[in-house]
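> Pasting a structure below so you can have a look.
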Amino acid sequence: MSEIRTGLGWDSHRLAAGRPLILGGVTVPSEFGLEGHSDSDVLAHAITDAVLGAAALGDIGMHFPDSDPRWKGCDSLVFLRHAKDLAEALGYRIVNVDSTVILERPKLKDYRQAIREKVAETLGLEPDRVSVKFKTAEQVGPVGEGRSAESQAIVTMLKLGTGPWHEATGWTS
Ligand code: C5P
Ligand code: MG
């Protein structure tokens with residue numbers, strides 16, 4: 001019997017001058033970056049919560065408290081990989097990731113492929129299983145006024161088992 005699970009993730013960070021803008025592990029040239037305890041990768045945090053959510057493993061702050069000095073300035077792909085490892089240990093395999101970054105500027109579309117490849121590599125997936133979309137907030141609210149960035153993610157996972165889908169993909173062990 002196959003078991004399909006989905007997980008939802010969301011995150012928000014303030015924008016600040018002099019901070020790097022790191023999205024899905026990719027540094028995007030920008031006047032403003034994201035404030036926070038780790039490298040503040042708002043996209044990696046949303047995807048991490050989606051992975052944890054699909055496996056009902058709590059949330060990112062439970063596994064990586066921002067009060068812990070070990071995670072200060074940390075590469076958030078470490079969190080993402082750890083969440084994936086925890087889910088895999090329970091027998092889940094990620095099928096696909098869809099995500100949206102909401103940021104007024106800079107334009108991000110030229111970085112889409114690099115971000116997809118980085119997230120896919122971190123999760124051990126082909127890039128065509130990772131979707132990254134970008135939106136402005138139409139100059140409305142904290143994101144639209146350029147004070148913050150948000151990200152949303154949804155992840156689908158399959159628990160290993162037997163069945164036609166498992167045979168087709170080879171995910172049978
Ligand atoms: O928010 P809006 O619908 O105006 O965005 C239009 C398009 O601009 C998006 O579909 C996306 O491809 C691109 N975009 C971007 N970088 C952003 C926001 C939007 O590349 N920061
Ligand atoms: Mg965060």
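> Extending each Cα 7 Å along its Cβ direction at ASP75 and GLU121, get the distance between those two points in nm, one decimal.
Once both label points are built, they end up 0.9 nm from each other.
> Right, here's the next one. Of the accessible area of the chain, with the probe set at 1.4 angstrom, what percent is carbon plus sulfur?
Ligands and nucleic acids excluded, carbon and sulfur reach 51 percent.
> What whole number of Å gives the distance from the Cα centroid of segment 27-68 to the Cα centroid of segment 82-146?
For segment 82-146 versus segment 27-68, the Cα centre distance is 12 Å.
> Now a separate question. Over 26 Å apart: what share of the alpha carbon pairs of the chain falls there, rounded to a whole percent? It would help to have the intermediate numbers written out before the result.
Details: 4173 of 14878 pairs.
Of the Cα pairs, 28 percent sit more than 26 Å apart.
> Based on DSSP, what percent of beta bridges with both residues in segment 1-142 are antiparallel, to the nearest 5? List each step's numbers first, then the result.
On the way: 6 of 12 bridges.
Percentage antiparallel, nearest 5: 50.
> Continuing with the same structure: With the other protein chains left in place, how much accessible area per residue, in square angstrom, belongs to segment 3-169 at a 1.4 angstrom probe?
On the way: 8290 Å² over 167 residues.
With all protein chains present, segment 3-169 gives 50 Å² per residue.
> Further question: Using a 10 Å Cβ count of at most 16 others and DSSP loop calls, identify the longest part of the chain lacking such trypsin sites (Lys or Arg not before Pro).
By the stated rule (loop sites, at most 16 other Cβ atoms within 10 Å), 1-71.
> Loop only by DSSP, 14 or fewer other Cβ within 10 Å of the Cβ. Give me the GluC sites (Glu not before Pro) in segment 100-173 that pass, ordered by residue number.
Within segment 100-173, the qualifying GluC sites (Glu not before Pro) (loop, at most 14 other Cβ atoms within 10 Å) are GLU138, GLU145.
> Hey, with R₀ at 41 Å, roughly what FRET efficiency would ALA168 and MET62 work out to, going by the Cβ-Cβ distance, to 0.05?
0.70
> Also, I was wondering about something else. Can you give the extra length, in nm with one decimal, that the chain gains between GLU3 and GLN139 once fully stretched, where that is 0.36 nm per residue apart less the Cα-Cα distance?
Residue separation times 0.36 nm, minus the Cα-Cα distance, leaves 44.8 nm.
The values are calculated or read from the model by the stated rules, or taken from the named source; none is laboratory data. Source: prediction; values computed, not measured. Because the Cβ atoms are built from the backbone with ideal geometry, glycine has one as well, and the counts that use them run over all protein chains shown. We work out accessible area using only protein heavy atoms, side chains counted, and drop any ligands, DNA or RNA first. Shrake-Rupley method; radii C 1.70, N 1.55, O 1.52, S 1.80 Å.
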